[in-house]
1. Near the amide H of B:ASP97, under 5 Å away, which other amide H atoms are found, from residues 5 or more places off or on another chain, if H is placed in the peptide plane?
2. Based on the alpha-carbon set only, what is the convex hull volume of the protein assembly as shown divided per residue, in Å³?
3. Tell me what chain A gives for mean residue ellipticity at 222 nm when only DSSP H runs of n ≥ 4 count, each as -39,500 (n - 2.57), the sum divided by the residue total, rounded to 500 deg cm²/dmol.
4. Hey, what's the Kirkwood Rh for the range A:120-230 if you take every pair of different alpha carbons, in angstrom?
5. With the label 7 angstrom out along Cα to Cβ, how close does B:VAL262 come to the same site in each of the other copies, in nm, nearest first?
6. Put a dot 7 Å past each Cα toward the Cβ at B:VAL262 and A:THR183; how far apart are the dots in nm?
7. List the distances, in nm to one decimal, from the label point of B:PRO204 to the label points of the same position in every other copy, shortest first, placing each label point 7 Å from Cα along the Cα-to-Cβ direction.
8. Classify the range A:56-140 as rounded, prolate or oblate, taking a ≥ b ≥ c as the square roots of the eigenvalues of its Cα gyration tensor: rounded when a/c is under 1.5, otherwise prolate if a/b is larger than b/c and oblate if not.
Number of protein chains: 2
Amino acid sequence: MACAQLQISQIVQAHTILKSVAHKYADKPVLVLGGRNDDVRKVAEGYGFKHAYTTLDVLAWKPEVWPYHDLLPEERATAKPVDFSRTPISAIFVFHDPRNWSLDIQVMVDVIRSRGLIGEPYLDAPADQQPVELVFCNPDLLWKSDFSRSRLGQGAFREAFQAVYQAVVGKTYPHVQYGKPTTETYKFAEKVLREQLEELHGSPAEQMPPVYMVGDNPESDIAGANGAGWPSILVRTGVYDPTQGPPTHTPTHTAENVAEAVRWAIDREVGRKAD
Amino acid sequence: MACAQLQISQIVQAHTILKSVAHKYADKPVLVLGGRNDDVRKVAEGYGFKHAYTTLDVLAWKPEVWPYHDLLPEERATAKPVDFSRTPISAIFVFHDPRNWSLDIQVMVDVIRSRGLIGEPYLDAPADQQPVELVFCNPDLLWKSDFSRSRLGQGAFREAFQAVYQAVVGKTYPHVQYGKPTTETYKFAEKVLREQLEELHGSPAEQMPPVYMVGDNPESDIAGANGAGWPSILVRTGVYDPTQGPPTHTPTHTAENVAEAVRWAIDREVGRKAD
């Protein structure tokens, strides 16, 4: 049995879905959040965003935008400062979990309130200009790291942003949420799987075979799979803790770990074909 | 006219009021938040807290508590790591505006949910142990810096913390709020003024002369002064922006700047005596 090398086109991360919206913003300045230095800019450029800026670029332009963050040498070296009072940002995409919540929230509030600009008068009332689009890629409140308790995820950052925005402006800001358990993300994953299948067979797939979801988080992995009509298998090696009661979303099956889950799914499909 | 040197005892900052609660926590481990490196520890120790720890101490103990913050050399050098899984934190005091919102919120959630410990099982149900006390010193959502728009303040951090706590636990966490416009802070300031007066006269002050409040923020400075029964003067050099409509709390008087405000107050008192 040959072992195929994993291709980039076979991997779907939470932010991979942004490839499908990049064409809309290809030539417009956008703000991209999350990750270290300007790593997120490189990912965004790889997806087709030609003018992606980070909040560190904003700070390199004017440090007084957020006086509580001193740029590190490597942050300064990778920053691309432009005049953000004259560069209208069209959209804000939260790719990864932000490292600098307060800087990011301050810049998001600035950009949204001044219709894309920073440090300019606030225009909270609807204008002829399109409002800034806000997109989050991962709604997980918590994720399982190597620490004994689950850590806060991008969903917690979204809650923090909306609470601050609400306190300052009086209402939350409309946003698009991608990632599990949203329908968009499961449809996108099915599209990627279908393309893989067609590539393997060299022709359009007639019928999509069953897709199994294996995951550790009932509220994202399992809820999304159930919504998409995929059989779901909940593993006990992550966020889900059986001592805290039954899972908030019921999976098709529960397994000790991923290996056991995959074995169960294969056995089930083989059994189905044998019937 | 001689120019007296300013004494530390004449200054009241938002967190100065914590001097009056330090005796309660003098010998207990507490978490102190805000500021750079371990500056806040030094302030807390000066107030009488003998076992004050920062979230950077926690990270120096176990970096995996928050994987999105790499300790800087000076942060590591000033950190005092102890075993926080065996050091029960009694209270959390937010002295200054936090620099690392996500680290601080994660550690606060950990400490509160495990009744003072970090990385230990969650004990959300009431136990025989006292819950961790949470105290914020400054409720200002916004403050006027040298940037063209007001920046987010400690009140925004509180909103972010409570939103995340609510999302994770299902309810907000009870907290004590000091700072303007709270009654406690105005009473504390009056006590400090009375002590100054007694020191000047060498004997207990018979009657407290009128106290004037000069401030730039209607919702903190002016609201608090009005509540405390102090005449209030709103200046136009800060948060208050006359182009955005009348102030949310009406001052006794409005002045262009602090010098003009002080002159008006003196003239008013001199006139009152001359009547």
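1. B:GLY35
2. 200 Å³
3. Counting only the DSSP helices, I get -10500 deg cm²/dmol.
4. Hydrodynamic radius (Kirkwood, Cα pairs) of the range A:120-230 is 17.1 Å.
5. Nearest to farthest, the other copies are at 7.4 nm.
6. With each label placed 7 Å out from Cα toward Cβ, I get 6.5 nm.
7. Values, ascending and in nm: 9.5.
8. Oblate is the answer for the range A:56-140, as a/c is 1.5 or above yet b/c matches or exceeds a/b.
Any read-out appearing in this document is the output of simple, stated calculations on the displayed coordinates, not a laboratory observation. Remember, predicted model here, so these are calculated numbers, not experimental data. Every residue, glycine as well, gets a Cβ built from its backbone with ideal geometry; the counts of neighbours run over all protein chains shown.
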